[in-house]
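Structure, as structure tokens:
The values are calculated or read from the model by the stated rules, or taken from the named source; none is laboratory data. On a predicted model such as this, the values are computed, not experimentally measured, just so you know. Cβ placement follows ideal geometry from the backbone for every residue including glycine, while neighbour counts extend to all protein chains displayed.
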Amino acid sequence: MTMKMFLRNVLTTAVIGGCIFLVSCKDDVELPDNLVTFESSELGITDQETALEITIQFSRAVAEAGSLAINIEENGLGYGSDYTTLPVASANQITIPVASGSSSVTFTVVKSEDALYDGDETLVFTISTVPASLVLGNRPELTLSFAEIIAATGEMEINGGGATFPNKVFIDLSANRQTAVARTTWDLGFYTGDDFRVILNSSNTMLVYALDKTDLNAVTNTDTAVLRNRLSSEAIFAAITSPPAPEWVADAINWIDDPAGDLTKTAIAQVSATASENKVYIVNRGTGPGTPGAALGWKKIRVIRNGNGYTLQHADINATTFSEIQIQKNSAYEFQYVSFASGAVVVEPERTRWDIAWTGFNNSTNFGTGPIPYYFQDIILQNRVGVQTVQVLTATKSYETFAEADLDGLDFGVQTQIKIGADWRSGGGPGTPPAVRTDRFYVIKDADGNYYKLKFTALTTDGERGRPVIEYKLVKQGS
């Protein structure tokens with residue numbers, strides 16, 4: 001795309017945006033039913049898990065408070081002796097309050113501490129009563145097995161949280177699970193493997209810049225004066241839309257982690273065993289959900305090793321003291337996550353307990369100035385731990401007829417975390433509304449050797465972005 005065409009497209013976007021605004025001003029538009037459903041129809045609770053939180057989704061935020069009721073059918077289990085729930089059930093029914101403005105509710109199933117399970121026990125939850133503003137959707141029932149499951153088939157509305165993309169969502173196909181995490185709850189991830197690497201929260205458009213200093217207290221606003229007009233997605237975008245682009249734009253791609261997920265190419269250099277070699281970084285934490293999104297602020301940080309873990313030093317730019325957070329590696333997880341505000345937080349599921357993730361993402365693109373950071377919505381990332389994906393075009397084989405025998409002809413090729421990326425959808429540019437590509441589907445091999453075929457069936461739910469829908473089916477079970 002030429003710069004001239006790009007600039008014309010930018011102006012077109014503004015016009016289109018204005019038209020959309022005018023249409024949205026109508027107050028006689030009838031909204032579709034607000035559906036209430038379980039996220040999936042089948043779940044399992046593993047031997048290692050002591051509790052499981054279950055989510056019930058609404059198509060959109062509810063306007064009025066109320067409550068919904070869930071009936072429990074027990075098969076080989078007794079309330080109190082084998083399990084309990086939060087909220088507490090009465091006469092095999094759970095009542096859950098629904099707050100005004102909420103787009104989902106949850107309840108938790110807790111195993112009894114001394115109970116023994118054979119693995120064939122189940123609970124069947126059925127949504128029986130909903131507030132007047134809600135209508136039962138296509139998944140009013142959930143079967144919970146007290147054993148690990150390998151789902152044979154599934155359909156899932158991904159709980160991205162809506163048009164402002166507030167969540168990052170991790171999906172485990174075989175477990176029929178999704179885990180939605182608010183993207184503003186964490187800032188940095190610390191690698192738990194042999195190397196000492198730190199990743200950025202790319203879902204918030206975070207950028208970092210290395211200073212030639214190693215003393216956090218010696219860094220002030222003076223060190224960020226030039227960066228204020230460079231170290232942000234807005235500044236980079238402004239620079240390339242006002243040609244000629246300044247020389248510093250070519251360096252901007254180094255302010256984000258490698259989009260492909262290569263940990264040797266993180267924006268923060270590998271943490272050295274020699275403390276004096278670890279530099280101070282200026283961090284623009286990016287923006288949160290919203291239109292426009294709220295700025296999350298700036299920090300100065302330094303990371304050093306602490307035995308087989310890390311010490312994160314962080315402070316506001318002008319602070320003359322700093323805080324420290326200690327991070328220990330935990331091999332059950334690929335990364336240990338930290339929030340500047342609240343310290344250690346749980347983000348990803350355990351390292352082999354998810355396959356793909358849906359998110360907004362700091363990818364790269366080229367507008368004729370070389371690669372630059374560019375934020376993409378609806379990106380699919382794949383787990384770097386044992387997961388492989390390959391695209392299949394329907395001109396070669398249809399989704400419906402693809403079977404185990406077709407696996408032998410697949411070439412999974414080189415794997416990166418953006419192997420699927422944004423290729424599952426088209427459009428998104430000026431005058432081209434985004435849409436699901438119907439000429440392709442994907443085969444995903446998980447860390448346990450299970451093969452699934454997966455296709456995207458909707459980019460939106462009730463016309464709202466941030467709630468795409470997938471369908472998947474087991475092709476071959478791992479041995």
*Between a first residue in segment 453-479 that is in contact (Cβ under 8 Å) with a residue 24 or more places away in the chain and a second residue that is of a type in the set (D, E, K, R) and not in a strand (DSSP E or B), which pairs have beta carbons less than 6 Å apart while being 6 or more apart in sequence or on different chains?*
T461/R467; V475/E404; K476/E404; G478/D448
*Which condition does T214 not pass, out of (1) assigned to a helix (DSSP H, G or I); (2) more than 29 Å from Q377 (Cβ to Cβ), if it passes all the others?*
(1)
*Hey, among S339, S331, S272, S364, which residue is among the polar types (S, T, N, Q) and in contact with a Leu (Cβ under 9 Å, 6 or more places away or on another chain)?*
S339
_For the list (1) surrounded by 12 or more Cβ atoms within 10 Å (Cβ to Cβ); (2) touching a helix residue (DSSP H, G or I) at 6+ places or on another chain (Cβ under 9 Å); (3) in a loop (DSSP other than H, G, I, E, B), I need the number of the one condition that V443 fails._
(3)
*Could you check E53 against (1) closer than 23 Å to E155 by Cβ; (2) surrounded by 12 or more Cβ atoms within 10 Å (Cβ to Cβ) and say which number it fails?*
(2)
*Kindly indicate whether F335 is touching a residue at least 60 places away in the same chain (Cβ under 8 Å), more than 20 Å from G288 (Cβ to Cβ), buried (at least 21 other Cβ atoms within 10 Å of the Cβ) and aromatic (F, W, Y).*
yes
*Of all residues in segment 225-247 being of a type in the set (S, T, N, Q) and assigned to a helix (DSSP H, G or I), the one that is farthest from N363 (Cα to Cα)*: N229
*So which strands (runs of 3 or more DSSP E) stay within segment 337-395 end to end and still have 1 or more residues that are within 22 Å of K453 (Cβ to Cβ) and among the small types (G, A, S)?*
356-366
*Output the number of residues of segment 270-289 satisfying the condition of being exposed (fewer than 15 other Cβ atoms within 10 Å of the Cβ) and either of a type in the set (G, A, S) or outside any loop (DSSP other than H, G, I, E, B) (or both).*
5
*Which residues, counting only those in segment 164-178, are crowded, with 21+ Cβ neighbours inside 10 Å and not hydrophobic (A, V, I, L, M, F, W, C)?*
P166, N167, K168, S174, N176, R177, Q178
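Residues checked against (1) part of a helix (DSSP H, G or I); (2) buried (at least 20 other Cβ atoms within 10 Å of the Cβ); (3) within 19 Å of the chain's Cα centre (by Cα); (4) among the aromatic types (F, W, Y):
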| residue | (1), (2), (3), (4) |
| --- | --- |
| Y399 | no, no, no, yes |
| G413 | no, no, no, no |
| K419 | no, yes, yes, no |
| K453 | no, yes, no, no |
| G466 | no, yes, yes, no |
| S479 | no, no, no, no |
*In the set Y117, Y79, Y83, which member is crowded, with 20+ Cβ neighbours inside 10 Å and not assigned by TED's automatic domain parsing to the domain that holds G463?*
Y83
_For segment 447-469, give me each residue that is over 15 Å from I158 (Cα atoms) and touching a Gly at 6+ places or on another chain (Cβ under 7 Å)._
A447, D448, G449, N450
*When you look at I317, is it surrounded by fewer than 19 Cβ atoms within 10 Å (Cβ to Cβ) and part of a loop (DSSP other than H, G, I, E, B), yes or no?*
yes
*Residue that is nearest to A163 (Cα to Cα), among those in segment 69-89 that are in a strand (DSSP E or B) and under 28 Å from the mean Cα position of the chain (by Cα)*: L86
*Select, from T220, T205, the only residue that is polar (S, T, N, Q), closer than 29 Å to K168 by Cα and out of contact with any His (no Cβ under 6 Å at 6 or more places or on another chain).*
T205
*Name, by its number, the condition in (1) assigned by TED's automatic domain parsing to the domain that holds A235; (2) out of contact with any Phe, Trp or Tyr (no Cβ under 7 Å at 6 or more places or on another chain) that does not hold for I199.*
(2)
*Inspect all residues belonging to segment 218-229 and state whether any of them is among the basic types (K, R), under 28 Å from Y337 (Cα atoms) and surrounded by 15 or more Cβ atoms within 10 Å (Cβ to Cβ).*
no
*Quick check, is G431 touching a helix residue (DSSP H, G or I) at 6+ places or on another chain (Cβ under 7 Å) and either charged (D, E, K, R) or part of a loop (DSSP other than H, G, I, E, B) (or both)?*
yes
